[in-house]
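Shown next, in structure tokens, is the structure this report addresses.
The values are calculated or read from the model by the stated rules, or taken from the named source; none is laboratory data. Keep in mind the model is a prediction, meaning the values are calculated, not measured. So basically every Cβ, Gly included, is an ideal-geometry build from the backbone, and we count neighbours across all protein chains shown. Just so you know, the surface numbers come from the protein's heavy atoms only, side chains and all, with ligands and any DNA or RNA stripped out. Shrake-Rupley method; radii C 1.70, N 1.55, O 1.52, S 1.80 Å.
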Amino acid sequence: MTTFVDRVELHVAAGNGGHGCASVHREKFKPLGGPDGGNGGRGGDVTLVVDQAVTTLLDYHHHPHRKATNGQPGAGDHRSGKDGQDLVLAVPDGTVVLDRNGEVLADLVGQGTTFVAGQGGRGGLGNAALASARRKAPGFALLGEPGEARDIVLELKTVADVALVGYPSAGKSSLISVLSAAKPKIADYPFTTLVPNLGVVTAGSTVYTVADVPGLIPGASQGRGLGLEFLRHVERCSVLVHVLDTATLESDRDPVSDLDIIEEELKQYGGLEDRPRVVVLNKVDIPDGQDLADMIRPDLEGRGYRVFEVSAVSRTGLKELSYALAGIVAEARAAKPVEEATRIVIRPKAVDEAGFTVTQEEDGLYRVRGEKPERWVRQTDFSNDEAVGYLADRLNRLGVESALLKAGARSGDGVAIGAEDNAVVFDWEPSMAAGAEMLGRRGEDHRFEAPRPAAQRRRERDAERDESQREFDDFNPF
């Protein structure tokens, strides 16, 4: 069973916002004490955070569906619903987040770096929050918005300073085992290394990391062998080290041709042309290996490569190699621009921007797109006529009705608000009357204008008593 996974498809779903509550305060002798419906709670977010203690995406390979909790609905007596709990997912350092089309959404490098993969839905307002001087007792509340749900791809690109590349069985694992404290699997057959290995090397005052990438073969950039799967792990390195086998038993191979083939694969993969190269002639402890290294070293140095002859068995040349790599890494770090603190830039929208668009499609349907109209539609309970009337008021104040008239819409034309796959379609009627008018003027409630029964009875008794007193006063001459 594999214990290393560096690419997964993750299905994340943020929590839905809780619905607002439509409630009227009631107590003895006060049956209509005013609206007291609370707001719904916010849905939980799904957040990715870099944790250097995590080194693989294996957990998400086994459990690819992750969902945050929903917000709770509001209740009467002005009680707001509880917010949903955020879901925090730990990912390794160097994780790249992509959408299903391959577009990069975030590059997570550095302990504690976060990315919100799914935004929780807003909670709906209760009728207490919707009340106003003209709308004294709304008989509706707003619905909570659904949380964001989408599929993302997580790719792990190892964060290392030095990458060891070369043919299978060239001695990369043996080399990293003697340069650092890493203990990779070492055996005398090809593709012993199936996952990248990381080691930490200390050379003087410089500490750097070395990655052992599984062996490359011709055609690796097109998917042969394991190269395409793990070439992404060399993208972040500061220096590439070609580990060449000077004691190979294959008659059709030699170190120079191996170097040319690996360089061609790196060129086909792309993006690594600017990285400095170092050539390591390995296994010089074998007599034939030392002879071959002496033969090809002038040719490699003539190409501009820095060449080191090493042996992982006898530890020959390791100190010189370690300090040379430390110097290259130090130069790369010094040349790297200083990262400035992220500046928060707030760009407010112009007050004269409409915030929506109205377009006519080929079939004659008018489509309204915009953040506010689409959000208002999601928050509307279409089974409540007063809520529909409130939506009509909001759209009219925003200018949607005027924009439809300018676009040529007429009474009875079809209008859709939202995207094609999730839109509300209706037949448009200018200044359309909704159920709210049945309560009187839109936004008003005749229940608060009508006298209450107990108060009416008291006024009638007081009027009868006053009338009797007047009659008595008229009859009594004294």
TODO: Return a yes/no flag: does region 336-345 have any residue that is over 27 Å from residue 206 (Cβ atoms), of a type outside the set (Val, Ile, Thr) and outside any strand (DSSP E or B).
DONE: yes
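Residue-by-condition table, conditions (1) on the phi > 0 side of the Ramachandran plot; (2) under 53 Å from the mean Cα position of the chain (by Cα); (3) at pLDDT below 85; (4) open to solvent by less than 40 Å² (accessible area, probe 1.4 Å):
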| site | (1), (2), (3), (4) |
| --- | --- |
| 379 | no, yes, no, yes |
| 391 | no, yes, no, yes |
| 424 | no, yes, no, no |
| 443 | yes, yes, yes, yes |
| 468 | no, no, yes, no |
- [ ] Return a yes/no flag: does region 163-173 have any residue that is among the aromatic types (Phe, Trp, Tyr), buried (at least 23 other Cβ atoms within 10 Å of the Cβ) and either part of a loop (DSSP other than H, G, I, E, B) or in contact with a Leu (Cβ under 8 Å, 6 or more places away or on another chain) (or both).
- [x] yes
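Could you please let me know if residue 18 is crowded, with 24+ Cβ neighbours inside 10 Å, in a loop (DSSP other than H, G, I, E, B) and under 19 Å from the mean Cα position of the chain (by Cα)? Show your work before the answer.
Working: crowded, with 24+ Cβ neighbours inside 10 Å: yes; in a loop (DSSP other than H, G, I, E, B): yes; under 19 Å from the mean Cα position of the chain (by Cα): no.
Against the criterion (crowded, with 24+ Cβ neighbours inside 10 Å, in a loop (DSSP other than H, G, I, E, B) and under 19 Å from the mean Cα position of the chain (by Cα)), residue 18 does not qualify.
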Task: residue 300 vs. criteria under 18 Å from residue 318 (Cα atoms) and at pLDDT 85 or above - done: no
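Among the candidates 93, 77, which residue alone is closer than 30 Å to residue 35 by Cβ and either in contact with a Leu (Cβ under 9 Å, 6 or more places away or on another chain) or assigned to a loop (DSSP other than H, G, I, E, B) (or both)? Before you say what the answer is, go through the steps one by one.
Values: 93 fails: closer than 30 Å to residue 35 by Cβ.
It is 77.
Mind listing whichever residues of region 55-68 are part of a loop (DSSP other than H, G, I, E, B) and open to solvent by less than 90 Å² (accessible area, probe 1.4 Å)? Talk me through it step by step, then tell me what you get.
Within region 55-68, the first condition is being part of a loop (DSSP other than H, G, I, E, B), and the residues that meet it are 55-57, 63-64, 68.
Selection gives 56, 57, 64, 68.
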Open item on the list: Against the condition among the hydrophobic types (A, V, I, L, M, F, W, C) and within 19 Å of residue 108 (Cβ to Cβ), how does residue 22 come out, does it pass?
Closed with: no
TODO: Residue by residue through region 41-58, note down the ones that are of a type in the set (Gly, Ala, Ser) and at pLDDT below 90.
DONE: 53
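Looking at the structure I just gave you, is residue 134 assigned to a loop (DSSP other than H, G, I, E, B), basic (Lys, Arg) and in contact (Cβ under 8 Å) with a residue 60 or more places away in the chain? Working first, answer last.
Numbers: assigned to a loop (DSSP other than H, G, I, E, B): yes; basic (Lys, Arg): yes; in contact (Cβ under 8 Å) with a residue 60 or more places away in the chain: yes.
It is true that residue 134 is assigned to a loop (DSSP other than H, G, I, E, B), basic (Lys, Arg) and in contact (Cβ under 8 Å) with a residue 60 or more places away in the chain.
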- [ ] Scan region 303-321 for residues that are open to solvent by 70 Å² or more (accessible area, probe 1.4 Å) and either among the basic types (Lys, Arg) or farther than 17 Å from residue 175 by Cα (or both) and jot them down.
- [x] 303, 306, 315, 319
Open item on the list: Test of understanding: among 44, 71, 144, which residue is under 14 Å from the mean Cα position of the chain (by Cα) and part of a loop (DSSP other than H, G, I, E, B)?
Closed with: 44
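Which of the following residues is in a strand (DSSP E or B), farther than 30 Å from residue 69 by Cβ, open to solvent by 20 Å² or more (accessible area, probe 1.4 Å) and at pLDDT below 85: 200, 207, 159? Steps first, answer last, please.
Numbers: 207 fails: at pLDDT below 85; 159 fails: in a strand (DSSP E or B).
From the options 200, 207, 159, the qualifying one is 200.
If we scan region 295-308, do we find a residue that is part of a strand (DSSP E or B), of a type outside the set (A, V, I, L, M, F, W, C) and free of Cβ contacts under 8 Å to residues at least 40 places away in the same chain? Let's see the steps before the verdict.
Of the residues in region 295-308, the ones part of a strand (DSSP E or B) are 306-308.
Imposing the further condition that a residue be of a type outside the set (A, V, I, L, M, F, W, C) reduces the set to 306.
The next check asks that each one be free of Cβ contacts under 8 Å to residues at least 40 places away in the same chain; those that pass are 306.
Yes, region 295-308 contains a residue that is part of a strand (DSSP E or B), of a type outside the set (A, V, I, L, M, F, W, C) and free of Cβ contacts under 8 Å to residues at least 40 places away in the same chain.
Collect the residues in region 268-285 that are touching a residue at least 40 places away in the same chain (Cβ under 8 Å) and over 18 Å from residue 173 (Cα atoms), keeping them in residue-number order. Show your work before the answer.
From region 268-285, those touching a residue at least 40 places away in the same chain (Cβ under 8 Å) are 268-269, 276, 278, 280, 282-283; that's our starting set.
Passing the criteria: 268, 269, 276.
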TODO: Go through region 249-260 and give me each residue that's at pLDDT below 75 and of a type in the set (S, T, N, Q).
DONE: 251
TODO: For residue 265, state whether it is modelled with pLDDT under 75, of a type in the set (D, E, K, R) and either within 36 Å of the chain's Cα centre (by Cα) or over 26 Å from residue 55 (Cβ atoms) (or both).
DONE: no
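Does any residue of region 229-239 turn out to be modelled with pLDDT under 85, under 17 Å from residue 196 (Cα atoms), open to solvent by 40 Å² or more (accessible area, probe 1.4 Å) and part of a helix (DSSP H, G or I)? Please lay out each step first, then the result.
Of region 229-239, the ones modelled with pLDDT under 85 are 229-236.
After this cut, where a residue has to be under 17 Å from residue 196 (Cα atoms) as well, the list is 229-236.
Applying the additional criterion that residues be open to solvent by 40 Å² or more (accessible area, probe 1.4 Å) yields 229, 235-236.
Checking the rest, the ones that are also part of a helix (DSSP H, G or I) come to 229.
Yes, some residue in region 229-239 is modelled with pLDDT under 85, under 17 Å from residue 196 (Cα atoms), open to solvent by 40 Å² or more (accessible area, probe 1.4 Å) and part of a helix (DSSP H, G or I).
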Open item on the list: If I ask for residues that are of a type outside the set (A, V, I, L, M), at pLDDT below 90, more than 30 Å from the chain's Cα centre (by Cα) and open to solvent by less than 40 Å² (accessible area, probe 1.4 Å), which ones from region 108-138 would you list?
Closed with: 135
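Residues 49, 88, 12: which one is surrounded by 18 or more Cβ atoms within 10 Å (Cβ to Cβ) and in contact with a strand residue (DSSP E or B) (Cβ under 8 Å, 6 or more places away or on another chain)? So that I can check it myself, show each step before the final result.
On the way: 49 fails: surrounded by 18 or more Cβ atoms within 10 Å (Cβ to Cβ); 88 fails: surrounded by 18 or more Cβ atoms within 10 Å (Cβ to Cβ).
Going through 49, 88, 12 in turn, just one is surrounded by 18 or more Cβ atoms within 10 Å (Cβ to Cβ) and in contact with a strand residue (DSSP E or B) (Cβ under 8 Å, 6 or more places away or on another chain): 12.
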TODO: Please work out if residue 76 is of a type outside the set (S, T, N, Q), open to solvent by less than 30 Å² (accessible area, probe 1.4 Å) and in contact with an Asp or Glu (Cβ under 7 Å, 6 or more places away or on another chain).
DONE: yes
Task: Positions within region 247-286 being in a loop (DSSP other than H, G, I, E, B) and within 14 Å of residue 300 (Cα to Cα), in sequence order - done: 254
TODO: Return the residue satisfying two criteria in turn: it lies in region 395-420 and is among the polar types (S, T, N, Q) and part of a helix (DSSP H, G or I), and of such residues it is most open to solvent (accessible area, probe 1.4 Å).
DONE: 396
